[in-house]
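Heads up: the structure comes next, in structure tokens.
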Amino acid sequence: MSYQFFFSGRFKEDIREARKWYNKQQRGLGKKFYAEVKSGLEAISKSPKFQIRYDEVRCLPLKKYPFMIHYTVDDSQKTILILACIHCSLNPHGHWLLEDDTE
């Protein structure tokens with residue numbers, strides 16, 4: 001069963017900021033972080049029913065970085081909305097407001 005992905009502006013900003021930070025730590029590390037995010041998105045596309053953590057939001061932890069991809073699944077529309085990619089030390093409720101800024 002194939003789902004269509006939508007990405008929030010918040011998610012895109014999270015990835016930009018994390019890549020920038022990792023590249024400051026070590027050249028090329030941001031690229032590796034981004035590859036790990038893409039791997040996580042592939043896992044979600046194959047099996048979107050990861051654990052619901054809060055408010056119908058599911059989370060997938062990245063394997064090599066302390067971040068989680070936060071997303072929702074709408075089975076009736078066959079869509080997945082990727083909300084954010086948040087460092088595990090942050091409170092997701094304080095990190096973003098659920099706005100309709102998908103693309």
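Nothing in this text is a laboratory measurement; each read-out follows from the coordinates by a stated rule. Since the model is a prediction, treat every value here as computed from it, not as a measurement. Cβ coordinates were reconstructed from backbone atoms using ideal geometry, including for glycine residues, and neighbour counts include every protein chain displayed.
Listing for the model above:
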item	result
Share of alpha-carbon pairs per 10 Å distance bin for the chain, given as whole %	15, 50, 30, 5, 0
Gain in span if fully extended, ASP74 to GLU13, counting 0.36 nm per residue against the direct Cα distance	19.6 nm
Flagged links, alpha-carbon separation over 19 Å, of LYS31/LYS78; LYS12/LYS78; LYS46/LYS78; LYS32/LYS78	LYS31/LYS78; LYS12/LYS78; LYS32/LYS78
Extension gain, SER45 back to SER89 (0.36 nm per residue minus Cα-Cα distance, nm)	13.3 nm
³J(HN,Hα) computed for each position of the stretch 37-49 - Karplus, 6.51 cos²θ - 1.76 cosθ + 1.60, integer Hz, glycine/proline x	5, 4, 4, x, 5, 5, 5, 5, 5, 7, 8, x, 8
FRET E, pair ARG53, GLN25, Förster distance 30 Å, beta-carbon r, rounded to 0.05	0.60
Relative contact order (%) - criterion: Cα under 8 Å, at least six apart; region: the stretch 4-88	33 percent
Cα-centre dipole for the chain with unit charges at Cβ (Lys and Arg positive, Asp and Glu negative), debye to 20	820 debye
